[in-house]
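**Student:** Starting off with a structure, shown below.
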């Protein structure tokens, strides 16, 4: 497993040993493997496997020897990219060898962007000139300060086996229980992501949500983390130690979050990173301090045209969270309240695309319940695992496997002529300046703007639409830039998640109309080839402008030829949307209707029908021949 930045726990640790020629790499590995000093060693060892019982973590090790010749450095680079931990060796009896650690090897690791933790190991300690004895600390302080990826410096002797096991113990420990994700050397404090993970764990045991852990709650944390309880004197002593270091860490109610942080700081100060990580892993965290995949039971898609949605229970939970976080009860969440909501998640998920501007907000950036739920629906559609992880981080405590639901296949919905989806995705195509982005902005309740900014990357807009019958559905518009359509269609499953396709044109521009039909044929034909068929709508935008006469006449004719509805005429500028969003959802709820029949589709259908007719005719002929042969055989038997 590569480079120590993973969402799973390492099942084996791959330790790559590098260094100059004659630094002692191969001898060091041989001494560890055989527990003896080898009389001779080959130029290069094959990968050496150490069993899981070598150290207390019970994880097997793979020791990788590397060549020193210049011509084989490519192999060294490949091994470094796969490393979970790296040992850079030098010979204690060779000053030049030591200097090359900081002038060549460590800069080389930085250049290659190796993310694995690094140990600097001095070999041949028994050969160092006794008259030139210096402390290891004085030798390596500069290296540790300059190269933050170096976690340990240690010297050993393969000849005497002095500290040989310790070298590989520390290398394994650095990979399994890394310090870097936990501690920021620049700020001399726990990393932001580490603090966020600890806050989630703290919140899990703060049953009454008063911001403190009572003695009972502290003991519950201890039992859940380590499988053993604390006696009252132990809890009292722990709080006394915390209070001595962090006065605000304990109050009259119990242990505060700063105190909880200090307990884990004490683990680090004592070098007990394995204890720190035991807590984090118990609550589902990987080395990147995100919840591991095995902790997130996301429904597995059996086909590309299935989607994942929030379950009813998850939606009710989110409504309750919204009310709880809305401290001023104005039915809006301020940005600060959203940040507080996600303070136990690895990061706030809505600060970047595609979620940042994809939901309804006020001019001040406040988000309503509709906008809040719409963002969650979008996140669940695009990245169910990420959505579930964030649900858990904000306090979802029910069975996580019940938080998400897998929809039926769109192809099955089309056959059944109905769908039970609650979230519909509409792909929006059209030429530049056709009005695609205005359609997305209007869905979010934003005013029309005359300012035009070309869309160069895909954009999303999501909102809840209330239908005439009183039901509510979430509509997600996905804008595909005109210049990106060909690249978009190059993925055979790009249309699998499409419930409806909308083709927008500027009703005053003849080129825009022609281009929208070209795009429709291109998209629909690709869907036919890949087995993804969907309702399609024509949208005539900018109806406030003087219409292009030919486009008006052609649009009705083309719609009839394609066997879809006439274009929906609207003007976002005039605030006349013509119920376009309800019409999009209505099309999605009837997946068997409004599917365009282009010339390509018609010819393909005719070909398939001819093929079926031929097959039936062939089958009929075969049956007739079989009957004739049987009768002939019976006649021959009778005549004989």
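**Student:** Given 25 °C and 0.890 mPa s, compute D for segment 358-426 with the Stokes-Einstein relation, Rh being the Kirkwood radius over Cα pairs; round to the nearest whole µm²/s.
**Tutor:** D = 175 µm²/s.
**Student:** Provide the FRET efficiency to the nearest 0.05 for the residue 554-residue 356 pair, computing r from the beta carbons and using R0 = 45 Å.
**Tutor:** For R0 = 45 Å, the calculated efficiency reads 0.70.
**Student:** Then there's this: Could you sort the peptides 564-577, 371-384, 311-324 by per-residue average Cβ neighbour count (10 Å cutoff), highest mean leading?
**Tutor:** Ranked from most to least packed, the peptides come out as 371-384, 564-577, 311-324.
**Student:** Something else: Report, in deg cm²/dmol and to the nearest 500, the calculated mean residue ellipticity at 222 nm for the chain, where each DSSP H run with n ≥ 4 adds -39500 (n - 2.57) and the sum is divided by the residue count.
**Tutor:** -13000 deg cm²/dmol
**Student:** With a point put 7 Å past each Cα toward its Cβ, work out how far residue 514 is from residue 545 in nm, to one decimal.
**Tutor:** Reported label-point gap for residue 514 and residue 545 is 1.6 nm.
**Student:** Points 7 angstrom from Cα along the Cβ direction at residue 148 and residue 453: gap in nanometres?
**Tutor:** Each label point lies 7 Å from its Cα, and together they span 3.3 nm.
**Student:** Order 541-554, 228-241 from most to least packed using the mean count of other Cβ atoms within 10 Å.
**Tutor:** Per-residue Cβ counts within 10 Å, averaged per peptide and sorted highest first, yield 541-554, 228-241.
**Student:** If you take the beta carbon distance between residue 397 and residue 490 as r and set R0 to 51 Å, what does 1/(1 + (r/R0)^6) give as a FRET efficiency, to the nearest 0.05?
**Tutor:** Efficiency, rounded to the nearest 0.05: 0.75.
**Student:** May I pose another question? At each listed q (0.13 Å⁻¹), what is the log10 of I(q)/I(0) that the Debye formula gives for segment 13-176 modelled as equal alpha-carbon point scatterers?
**Tutor:** Relative scattering, expressed as log10 I(q)/I(0), comes to -0.56.
**Student:** Which percent, to the nearest 5, of DSSP beta bridges fully inside the chain are antiparallel?
**Tutor:** 40 percent
**Student:** How would 599, 309 line up from fewest to most surrounding beta-carbon atoms within 10 angstrom?
**Tutor:** Ordered from fewest to most neighbouring Cβ atoms within 10 Å, 599, 309 come out as 599, 309.
**Student:** Another question about this same structure. Please give, to one decimal in nm, the separation of the simple spin-label points placed at residue 529 and residue 187, each 7 Å out from Cα toward the Cβ.
**Tutor:** It is 5.1 nm.
**Student:** I've got another one for you. On full extension of the chain, what length is gained from residue 95 through residue 278, given 0.36 nm per residue of separation minus the C-alpha to C-alpha distance?
**Tutor:** Computed gain between residue 95 and residue 278 is 61.9 nm.
**Student:** Compute the long axis of helix 369-382 from its Cα atoms, compare it with the longest principal axis of the Cα atoms of the chain, and write down the angle in degrees, 0 to 90, nearest 10.
**Tutor:** 80 degrees
**Student:** I need to check one value: relative contact order of the chain, counting alpha carbon pairs closer than 8 Å and at least 6 residues apart, in percent.
**Tutor:** Relative contact order of the chain: 9 percent.
**Student:** According to the Kirkwood expression over distinct Cα-Cα pairs, how big is the hydrodynamic radius of segment 189-290, in Å?
**Tutor:** Taking the inverse mean of 1/r over all distinct Cα pairs, segment 189-290 comes out at 13.8 Å.
**Student:** Also, I was wondering about something else. By how many degrees, 0 to 90 and rounded to 10, does the Cα axis of helix 599-639 deviate from the longest principal axis of the chain?
**Tutor:** Result, in degrees: 80.
**Student:** Here is a further query. Using a Förster distance of 22 Å, how high is the FRET efficiency between residue 82 and residue 46, based on the Cβ-Cβ distance and rounded to 0.05?
**Tutor:** 0.90
**Student:** How much length is gained on full extension from residue 208 to residue 446, taking 0.36 nm per residue of separation minus their Cα-Cα distance?
**Tutor:** Extra length from residue 208 to residue 446 when fully extended: 81.7 nm.
**Student:** On a 0 to 90 degree scale, rounded to 10, what angle separates helix 136-146 from the longest Cα axis of the chain?
**Tutor:** Tilt of helix 136-146: around 20 degrees.
**Student:** Compute the length gained on full extension between residue 331 and residue 231: take 0.36 nm times their separation in residues and subtract their Cα-Cα distance, giving the result in nm to one decimal.
**Tutor:** 31.5 nm
**Student:** For the chain, go through all pairs of different Cα atoms, get the mean of 1/r, take its inverse, and jot down that Kirkwood value in Å.
**Tutor:** For the chain, inverting the mean 1/r across all distinct Cα pairs yields 30.0 Å.
**Student:** So, how do all the Cα-to-Cα distances of segment 412-597 break down into 5 Å bins, in percent, from 0 on up?
**Tutor:** 1, 8, 18, 22, 22, 17, 9, 3, 0
Readers should treat all values here as calculations from the given coordinates under stated rules, not as data from a laboratory. Computed from a prediction, not measured in an experiment: that's the story for all the values here. Positions of Cβ are backbone-derived with ideal geometry, glycine not excepted, and every protein chain shown enters the neighbour counts.
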